[in-house]
Amino acid sequence: MRKVFLLGFLVFLSVSLYAQDKQEGKFGISFSGFVKADFFADSRQVTSIREGHFLLFPENELLDKNGEDINAKPHLNFLSVQTRVTGKITGPDFLDAKTSGLIEAEFFGTSDADVNGLRLRHAFVKLDWTNTSFLAGQFWNPMFIVDCFPGTISFNTGVPFQPFARNPQLRFTQKFDNLSFTAVAYSQRDFQSNGPDGFSSKYLRNAVLPGLHGQLRFEAGDNAFGLGGGYKMLAPRISTAKNYKSDETVGSLSALVFGKFKFNDVLWKIEGVYGQNMTDLTMLGGYGVKSLDTNTGIETYTNINTVSAWTDISYTKNIEVGIFAGVSMNLGADDNFTAFYGRGGNIDNLFRVSPRFAIISGKTKIAAELEFTSAAYGTVNYADKGKVENTKSVTNIRGLLAFIYNF
């Protein structure tokens, strides 16, 4: 029913804006998007999102009574949930600024129980002056660089080595010739932090401070280089099990540096990321309970630190040949801790390499990719700031075939 309503609404909006465009010459909307069918198989069970579609890393060994690994079981699925539609809207000027809007939806759902469900990806209003722009609405987290991310066929887009999230936000950008500065304040919606009550946006909301990020970028033709940093604060609890009010928070820092360089038909992208408590960006990490007052139940917290780096190089003409490689490392916490809230706390490091090949003709693309992901699982030493010891690497090989039709 929601899908029928969406299609009806889009048709109504198109007709309405077309009529206004005829009358005033100011309004307009154009639709684009793609249909994508993914066919994939894994050599073992994996930690993933949406029935295996969005792969993160292989599951750890799980031994049965005979010492056999239960998770060493292949996995296969066919899905088309990445299919999406985008509506780009233009309108009359506002305070001498060019105005635009964008609505984008897909059928990825908001949880595994909602696969095929309609999900809002982007929805924002944008004002553009000559050297200044302002965006209000849901868009990519500023740690996701929209023209410098891995070109993988897999929808995971290099995650968990690459920050990946969309957030409601206010974004201001000022250009100075080839240099620009961007400042962002954001909240959380679909991509949330972990905490005592599971994944939720309430930990950021209760901290009463939006996530903050600043970024500098230099451009020279098709080449670009940039760096940025951010701060996020969470309030994991506002009261304890012993009915005491808690005002304890955990503040975390993040930083990235990135570059993209074009040489004729060859494109090279590279990025490095350092972060504390990066769970909401679909990466490894989180935070832990540093201390507990046994009289009141009030906790204090410490961040888990992670670092990652990735590179992607591709040649594109009528065919596309490319390869992605990424590495992520758990650096441990600032202090010793007990309870852990995050993702992959027992993983010391991750590594991935994924070569790809695609044939492109007109609006159609047929692509294949092999994805090798290795995770070094071990035992968490809580008395040594959460360092992961006695590791053993577990590897998954994914084969992916995708059919894409753009419109």
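Read the figures in this text as sums done on the coordinates, not as results from a lab. Not measured: the values here are computed from a predicted model. Neighbour counts are summed over all protein chains in view; Cβ atoms, including those assigned to glycine, are modelled from backbone coordinates with ideal geometry.
Some points to look at:
- Net dipole in debye of the chain [+1 Lys, Arg Cβ; -1 Asp, Glu Cβ; about Cα centre; nearest 20]: 820 debye
- Once you reduce the range 201-242 and the range 27-65 to the center of their Cα atoms, the two points are 26 Å from each other.
- Considering only the Cα atoms of the range 195-240, their convex hull presents on average a projected area of 4.5 nm².
- Between residue 26 and residue 216, the FRET efficiency estimated from the beta carbon spacing at R0 = 25 angstrom works out to 0.10.
- Mean-position separation - Cα centroids, the range 284-324 and the range 328-352, in angstrom: 8 Å
- Distance between modelled label sites at residue 321 and residue 68, nm, 7 Å Cα→Cβ extension: 4.2 nm
- One equal scatterer on each Cα of the range 33-153, no solvent, Debye formula: the resulting log10 I(q)/I(0) at q = 0.11, 0.13, 0.21 Å⁻¹ is -0.56, -0.71, -1.24.
- On Cα atoms only, tilt of 2-24 relative to the major axis of the chain in degrees: 40 degrees
- Dipole check for the range 139-233: with +1 at the C-beta of Lys and Arg, -1 at the C-beta of Asp and Glu, and the Cα centre as origin, the magnitude is about 380 Debye.
- Fewest neighbouring Cβ atoms within 10 Å first, the residues 329, 143 line up as 329, 143.
- Fraction of the pair-distance distribution of the range 166-213 above 12 Å, Cα-Cα pairs, percent: 66 percent
- Equivalent-ellipsoid semi-axes of the range 101-186, from the Cα gyration tensor, Å, largest first: 27, 17, 10
- Among 61, 104, a tally of other beta-carbon atoms within 10 Å of each Cβ gives an order, fewest to most, of 61, 104.
- Formal net charge of residues neighbouring residue 171 (Cβ-Cβ distance under 14 Å; K, R +1; D, E -1): +3
- Exposure proxy ranking for 182, 306, 294, 279, based on other Cβ atoms within 10 angstrom of each Cβ and starting from the fewest, stands as 294, 182, 279, 306.
- Remark: for residue pairs 88/365; 36/126; 126/290, the C-alpha separation exceeds 31 Å in 126/290.
- Evaluated on the range 269-407, the Kirkwood hydrodynamic radius is 17.2 Å, with distances taken between all distinct Cα atoms.
- Straight-distance candidates among the aspartates and glutamates for linking to residue 98, with alpha-carbon spacing under 13 Å and chain neighbours fewer than 8 residues away dropped: 128.
- Given charges at Cβ of Lys, Arg, Asp, Glu: the range 2-406 dipole, positive-most of 127, 159, 361: 127
- When the Cα positions of 311, 349, 103 are compared along the charge dipole of the chain, 103 comes out farthest toward the positive end, with charges on each C-beta of Lys, Arg, Asp and Glu.
- With Cα atoms as the point set, the range 2-406 shows a radius of gyration and Dmax of 22.5, 76 Å.
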